[in-house]
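*Asks:* Here you go, one structure.
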Amino acid sequence: MDCCKRLLTELARPEEDRDGVVPQALWSSALLAYARCFGQGRSSGLATDDVRNLPLQGAVMKFHTWVIEECGKLTAHTVDPFEAAKIGVVLSPPGRKERRVEGIAIFSASRVLIDVIGVRQLGGLASELAKQTAGKAQEQQDSVLADAQQLDIESLYGSPPLGTQRPTSGDAP
């Protein structure tokens, strides 16, 4: 959501005042952060049913699928090395007497930045999923609290406190 908010601010600036890398980086980060929530093989996280169950109108699932696919394109290794660039020719204007090739144009295959509407859609989708997840988390917290209240209070007081310090590099396996 934060990447989308920052990207909207960036896109509101005149194009000549923008650094072209910033919008691309923010969009890529937004796609990756969103798709990471749907990672496969994890018991926690979001599923497509979570998106399907949102109170949103329109082609929500189609947009969700597109976002996941775009993220996949960002992270996938290209099979064809020629996908990295497209080369075209620059022709003389059609009305000119002598029609000829005047040059070439090379286009890198960087991802096309989605427009403001798409950024708003992704931000809104992420926001709705965050609300839904917060509700589920609250239910889970309530359940854990109820279970904890059933435990023997003396054994809880006798247990060592949970560590709250950040792990150091020496703590890594």
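*Asks:* Quick check: is even one residue across segment 13-36 loosely packed, with under 13 Cβ neighbours inside 10 Å and within 16 Å of the chain's Cα centre (by Cα)?
*Replies:* Scanning segment 13-36, I find at least one residue that is loosely packed, with under 13 Cβ neighbours inside 10 Å and within 16 Å of the chain's Cα centre (by Cα), so the answer is yes.
*Asks:* Okay, next question. With respect to Ser127, is the statement that it is modelled with pLDDT of 85 or more, surrounded by 10 or more Cβ atoms within 10 Å (Cβ to Cβ) and under 30 Å from Gly39 (Cβ atoms) true?
*Replies:* Here the answer is yes, as Ser127 does meet what is asked.
*Asks:* List the residue pairs whose Cβ atoms are under 8 Å apart, where the first residue sits in segment 122-134 and is under 18 Å from Thr65 (Cβ atoms), the second is among the hydroxyl-bearing types (Ser, Thr, Tyr), and the two are 6 or more positions apart or on different chains.
*Replies:* As it stands, the answer is Leu122/Tyr34; Leu125/Tyr34; Ala126/Tyr34, since those pairs meet every condition given.
*Asks:* Further question: Can you pull out every residue in segment 121-169 that is of a type in the set (S, T, N, Q) and not in a helix (DSSP H, G or I)?
*Replies:* Result: Gln149, Gln150, Ser159, Thr164, Gln165, Thr168.
Listed here are the residues, each with its yes/no results for (1) touching a Phe, Trp or Tyr at 6+ places or on another chain (Cβ under 6 Å); (2) on the phi < 0 side of the Ramachandran plot; (3) at pLDDT below 90.
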position: Asp19; (1), (2), (3): no, yes, yes
position: Ala35; (1), (2), (3): no, yes, no
position: Gly39; (1), (2), (3): no, yes, yes
position: Val51; (1), (2), (3): no, yes, no
position: Asp80; (1), (2), (3): no, yes, yes
position: Lys86; (1), (2), (3): yes, yes, yes
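The values are calculated or read from the model by the stated rules, or taken from the named source; none is laboratory data. All of these numbers come straight from a predicted model, not from anything done at the bench. Virtual Cβ from ideal backbone geometry, glycine too; neighbours counted across all protein chains shown.
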